[in-house]
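Heads up, the thing below is written out as structure tokens.
The values are calculated or read from the model by the stated rules, or taken from the named source; none is laboratory data. All values reported here derive from a predicted model rather than from experimental measurement. Here Cβ is always computed from backbone atoms with ideal geometry, including for glycine, and neighbour counts include all displayed protein chains. Keep in mind that these areas ignore ligands, DNA and RNA; they rest on the heavy atoms of the full protein, side chains included. Shrake-Rupley method; radii C 1.70, N 1.55, O 1.52, S 1.80 Å.
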Amino acid sequence: MSTFLGMPATPPRSPYGTGNLRGDRKFPKAAHDELRNEQLRRNLGKATRTIRTKRLGVTGELPDWEQLRDAGSAIKTDTMNRLPELLEQLEQKVTEHGGTVHWARDGAEANEIVARLVRATGSSDVIKVKSMATQEIGLNEHLESIGITPYETDLAELIVQLADDKPSHILVPAIHRNRDEIRQIFLDEIPGVDPDLDNVPAHLAAAARAYLREKFMTTKVAVSGANFGIAETGTLSVVESEGNGRMCLTLPDTLITVMGIEKVLPRYQDLEVFLQLLPRSSTGERMNPYTSMWTGVTPGDGPQDFHLVLLDNGRTAALADTIGREALNCIRCSACLNVCPVYERTGGHAYGSTYPGPIGAVLTPQLAGMDAAEDDPNSSLPYASSLCGACFDACPVKIDIPSMLVELRHQHTEQSGTTAEKLAMKAAAGVMKRPKLFAAAQKAAALGRIAGGRDGTISHLPAPLSGWSDSRDTPAPPKQTFRSWLASAEGAATMSAAAEEGARHTADDHEEDR
Ligand code: SF4
């Protein structure tokens, strides 16, 4: 085909995101190891059960909960459909109110922008309010590498940071730690902490509060994320439950907010929907304890220097996928994690990404790609699900995660070329198309009963089928197939008895109708 000037061409694909969006092991291997951690399974089981029950209580009491979910879904879909225009409107409004907007194509660019802004203040410390976006881009690691110390101020984030650990839940990042471990972390890492500190939660919180209060009062720069950015007014919003966010957002001279571009909402009034959906779905509370909102800079009140960093980092690539873009509707409530039977057992670290659980399994490959040919750990994430659909039922913005998982599996299969599984499926399809061959195959399969134990299960199949039997009890083939039972005297007698029974019911119904 010849090309000529002005001929439409496929635009180059937007680049995938960088940062903490890829583990170093595939999900099955990582999950296998995490499953051995009994402490983790106990903590996760208890925490997710508690939050699930609370969530069902506060969502069930609202007569218009389903309408709220529909409204949330519609607003987010509308937002994604006109994202460029809304982002430009947001930029204009923030600028009009004295803020400065920066555009970051990827994590590295966002890190550089934040580092430059912090350096310009002359501060070597920053306080931070919990932010998934800055975890995603590895901002803390970047700031530390250039001599700037970030202090996480959310209690769970602080525990994770002091322990040099990774978050394992969107909402409860230290869910995998118990109080004895936390006490020891504080004794080891917080300067001047009372050596007689015990493991009573209130005492642990008091130790963290004393440590953080000094940081709040002396640090001149804060970095935050944002739950929502309102295009209509230029207002940013952070919702949190400890008050540490309020401190970070009001006390320092300079505030730098890193926000994923999908967090924009068209109108101020849209908050009416999301400030009901978010707390009820995340913590099971009717309303959020601290909801901070600010619009640019207010002279004499709060930070006098405000910067908004709009982060792409793979979001445009996700937006280009007609099915995958739905993952960008996520408001990070974590309801899907709390109902997921896979997450409840493996915990968040197994997913290898900042975003764990069902939403992580669809969002991570969308943001950072999944290269099946390169044996990419991200290509295993769409399989980290039983497709039970609980995540879809729980999601406040009705993201159809199971369908997206199936689509990503399809994309992975398309990418991965010829595999043993594909060949096996092709062979099975060929056999099933030929009735005689199928009957012969069933007879041959019946010999597999020899391999079954007394309990009728096969515990180990030879390679390449061992991948199946390694993690499942495989039932031995039955003595008789359904087709041969149907053809037997017993099958014929059962079918004719069923037919008689059906005829009797029909006659009775006619009798009643008369
Ligand atoms: S996908 Fe839905 S349920 Fe899961 S975190 Fe996002 S908004 Fe919440």
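Yes/no matrix, rows are residues, columns are (1) modelled with pLDDT of 95 or more; (2) acidic (Asp, Glu); (3) not in a loop (DSSP other than H, G, I, E, B):
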{"site": "Lys166", "(1), (2), (3)": "no, no, no"}
{"site": "Leu171", "(1), (2), (3)": "no, no, no"}
{"site": "Ala174", "(1), (2), (3)": "no, no, no"}
{"site": "Glu181", "(1), (2), (3)": "no, yes, yes"}
{"site": "Asp188", "(1), (2), (3)": "yes, yes, yes"}
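Please note which helices (runs of 4 or more DSSP H) are completely contained in region 285-348 and include at least 2 residues that are surrounded by fewer than 23 Cβ atoms within 10 Å (Cβ to Cβ). Show your work before the answer.
Numbers: elements: 315-319, 335-339, 341-346.
Those helices (runs of 4 or more DSSP H) span 315-319, 341-346.
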* Asked: Does Val160 meet the test of being farther than 29 Å from Cys336 by Cα, out of contact with any Ser or Thr (no Cβ under 6 Å at 6 or more places or on another chain) and without any contact (Cβ under 8 Å) to a residue 24 or more places away in the chain?
  -> no
* **Selection within region 99-124 - more than 27 Å from Asp321 (Cα to Cα) and open to solvent by 50 Å² or more (accessible area, probe 1.4 Å)** => Thr100, Glu112, Arg116, Arg119, Ala120, Thr121, Gly122, Ser124
* Show the residue pairs that are 6+ apart or on different chains and have beta-carbon atoms under 6 Å apart, the first residue being within region 381-400 and within 29 Å of Glu272 (Cβ to Cβ) and more than 10 Å from the ligand (Cβ to nearest atom), the second being open to solvent by 10 Å² or more (accessible area, probe 1.4 Å) and not in a helix (DSSP H, G or I). => none
* Exactly one of (1) without any contact (Cβ under 8 Å) to a residue 24 or more places away in the chain; (2) over 25 Å from Ser334 (Cβ atoms) is unmet by Arg105. Its number? -> (1)
* In region 14-68, how many residues are within 28 Å of Leu275 (Cβ to Cβ) and hydrophobic (A, V, I, L, M, F, W, C)? -> 8
* Structure fact -> By residue number, the members of region 413-452 that are free of Cβ contacts under 8 Å to residues at least 12 places away in the same chain and outside any helix (DSSP H, G or I) are Thr418, Thr419, Lys433, Arg434
* Could you say whether any residue in region 366-379 is within 16 Å of the ligand (Cβ to nearest atom) and assigned to a loop (DSSP other than H, G, I, E, B)? -> no
* Structure fact -> Subset of region 183-208, residues surrounded by 14 or more Cβ atoms within 10 Å (Cβ to Cβ) and free of Cβ contacts under 8 Å to residues at least 24 places away in the same chain, comes to Arg183, Gln184, Leu187, Val193, Leu197, Asn199, His203, Ala207
* To do: Being farther than 30 Å from Thr419 by Cβ and open to solvent by 80 Å² or more (accessible area, probe 1.4 Å) is the filter here, so list the residues in region 443-481 that pass it.
  => Arg454, Asp455, Lys479, Gln480
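Looking for whichever is under 31 Å from the mean Cα position of the chain (by Cα), open to solvent by 10 Å² or more (accessible area, probe 1.4 Å) and either touching a residue at least 24 places away in the same chain (Cβ under 8 Å) or more than 20 Å from His307 (Cα to Cα) (or both) here; the options are Ser241, Ser237. Which one fits? Please lay out each step first, then the result.
Working: Ser237 fails: open to solvent by 10 Å² or more (accessible area, probe 1.4 Å).
Result of the check over Ser241, Ser237: Ser241.
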* Out of Gly300, Gly352, report the one residue that is more than 12 Å from the ligand (Cβ to nearest atom) and without any contact (Cβ under 8 Å) to a residue 24 or more places away in the chain. => Gly300
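I'd like the residue in region 264-280 that is in contact with a Leu (Cβ under 9 Å, 6 or more places away or on another chain) and outside any strand (DSSP E or B) and, out of all such residues, is nearest to the ligand (Cβ to nearest atom).
Here is the first cut: in region 264-280, the ones in contact with a Leu (Cβ under 9 Å, 6 or more places away or on another chain) are 264-266, 271, 273-274, 276-277, 280.
So of that shortlist, the ones also outside any strand (DSSP E or B) come out as 266, 271, 273-274, 276-277, 280.
Values: Pro266: 18, Leu271: 16, Val273: 13, Phe274: 10, Gln276: 13, Leu277: 8, Arg280: 11 Å.
Applying the filter and picking the extreme gives Leu277.
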* To do: Output the residue which, of all residues in region 151-171 that are open to solvent by 50 Å² or more (accessible area, probe 1.4 Å) and among the aliphatic types (A, V, I, L, M), is nearest to the chain's Cα centre (by Cα).
  => Leu171
* Residues of region 69-90 satisfying the condition of being open to solvent by less than 60 Å² (accessible area, probe 1.4 Å), closer than 18 Å to Asp312 by Cα and not hydroxyl-bearing (Ser, Thr, Tyr) -> Lys76, Met80, Leu83, Leu86, Leu87, Leu90
* Quick one: which of Thr295, Thr322, Thr283, Thr291 is hydroxyl-bearing (Ser, Thr, Tyr) and within 16 Å of the ligand (Cβ to nearest atom)? -> Thr283
* Could you list, in sequence order, the residues of region 244-262 that are assigned to a loop (DSSP other than H, G, I, E, B) and open to solvent by less than 40 Å² (accessible area, probe 1.4 Å)? -> Pro252
